[in-house]
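Undergrad: Right, I'll just put the structure down here and ask away after.
Just so you know, all these numbers are worked out from the coordinates, no wet-lab data involved. Keep in mind that this is a model prediction, so the values were computed, not measured. A quick note on method: Cβ atoms are made from the backbone with ideal geometry, for glycine too, and the neighbour counts reach across all protein chains shown.
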Ligand code: GLU
């Protein structure tokens, strides 16, 4: 690491003790910025990097709620408003017991560069709570969301901060959050949240966007090598929103997804994952992947030990959660002949895993590029809300496809220009950084 960057990194460690995921995300971006800061000393002069590492605002609050048996629970919620140089803070809310400030900061930091890469006018932020939605009734989820919004409403707005979903937060939760925001403020302010339902201000393609976008990105990477997804064997970790729509798009483009997973294990289905059944299990019953394998019968099996990366594949799409794909998983993928890895989740590959991929010549797309389709389509939802319009599926999907191709090309161009041709991870960091850094310079020291 360049000496100036190392000093900044030491400061990040000192200021944010115990936040391992945030440190990891910062180190990953810094590892690409050496040539950029050497070429453009004015970024250092204006303290752009140290300002980027310190969130503009961090909100932490208590969320009390009552369960179906009348017991009172207390959760902690966060909203980290990281950087608004390019537009209102934009990023999801995550409900998961692992959530603490370090997770939200890593996600918010990633979001700055991801959102910059889309080319759209959105800043970076993230939020969430250590609330565990698993096994909770609809009523409990609703009361939790209402309680959370009773505090969050004062910090957000269509020109200020626009939350959306992430792990544990989908259309149902966005509905309860939006309802409470509307009730408290007496404003039908559609643009305050994205990921809304289609009949109340949502955008077509938003549900599918992150998974579809990831697969568009892979398609572009393959196309750049004169290949395509047609006939490829693909593994997709996870079985939530991102995974489901990644599987759908892989199948549409002629590939076969032979395995997907959840936190308890993975299902192998050599004939290809039956998407209707998977949607039934995950979206309707909110069930487990073992149930998918049981219902699918003879064609599929459920494996509780080992990891999904043991299944040989041409393309691997980690779409579950951070640090799920370790060095061991990466070595297994390389052994199985994997040529392309694209992150549908945020930071699912550990630094050791990405090192294995670059050593073995595996094409690697980082989440801030490959999974940007979700937030990009959120920005399209904001555009529709601002103009009180609603676009067709075809038109919205075409916009998404163009945005993903734009991100792909921006990564390669930046990688070329700054001395690491073909390196998507490097190119994504550099291109995202330059866009937000230039805006910060223009706006002065704020
Ligand atoms: N949580 C998603 C992400 O990681 C989407 C955020 C949004 O739509 O604002 O990018």
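Undergrad: Using packing as a proxy for protection, rank 364-370, 40-46 so that the peptide with the highest average count of other Cβ atoms within 10 Å comes first.
TA: So the peptides 364-370, 40-46, ranked by packing, come out 364-370, 40-46.
Undergrad: Where the centroid of each part is defined by its Cα atoms, how far is segment 279-302 from segment 423-446 in Å?
TA: So the separation of the two Cα centres works out to 43 Å.
Undergrad: Within 10 Å, count the other beta carbons around each residue, average over each peptide in 138-147, 300-309, and list them highest first.
TA: 138-147, 300-309
Undergrad: Now for a different question. Using mean Cβ contacts within 10 Å as the protection proxy, how do 77-84, 279-286, 22-29 order, highest first?
TA: 77-84, 22-29, 279-286
Undergrad: According to the square roots a ≥ b ≥ c of the eigenvalues of the Cα gyration tensor, what is the shape class of segment 202-316, taking rounded for a/c under 1.5, prolate for a/b larger than b/c otherwise, and oblate for the remainder?
TA: Cα axes put segment 202-316 in the oblate bin.
Undergrad: I would also like to ask the following. Mean residue ellipticity at 222 nm from the helices of the chain, using -39,500 (n - 2.57) per DSSP H segment of n ≥ 4 over the full residue count, to the nearest 500 deg cm²/dmol?
TA: -15000 deg cm²/dmol
Undergrad: First check a/c for segment 138-282, with a ≥ b ≥ c the square roots of the eigenvalues of its C-alpha gyration tensor; if it is under 1.5, answer rounded, and if not, answer prolate when a/b is larger than b/c or oblate otherwise.
TA: prolate
Undergrad: If you don't mind, there's one more thing I want to ask. How many Å³ per residue does the convex hull of the Cα positions in the chain occupy?
TA: Dividing the Cα hull volume of the chain by its residue count gives 137 Å³.
Undergrad: Further, regarding this structure: Calculate the length of the line joining the C-alpha centroid of segment 179-226 to that of segment 78-122, in whole Å.
TA: Measuring centre to centre over Cα atoms gives 15 Å.
Undergrad: Please report the antiparallel percentage of the DSSP beta bridges confined to the chain, to the nearest 5.
TA: 55 percent
Undergrad: Here's something else I'd like to know. Which of rounded, prolate, oblate describes segment 82-208, given a ≥ b ≥ c as roots of the alpha-carbon gyration tensor eigenvalues and a/c under 1.5 marking rounded, otherwise prolate only if a/b is larger than b/c?
TA: Verdict is oblate for segment 82-208.
Undergrad: In a GNM of the chain with a 10 Å cut-off on Cα contacts, which of 323, 186, 115 has the highest mean-square fluctuation?
TA: Checking each option, the largest mean-square fluctuation is seen for 186.
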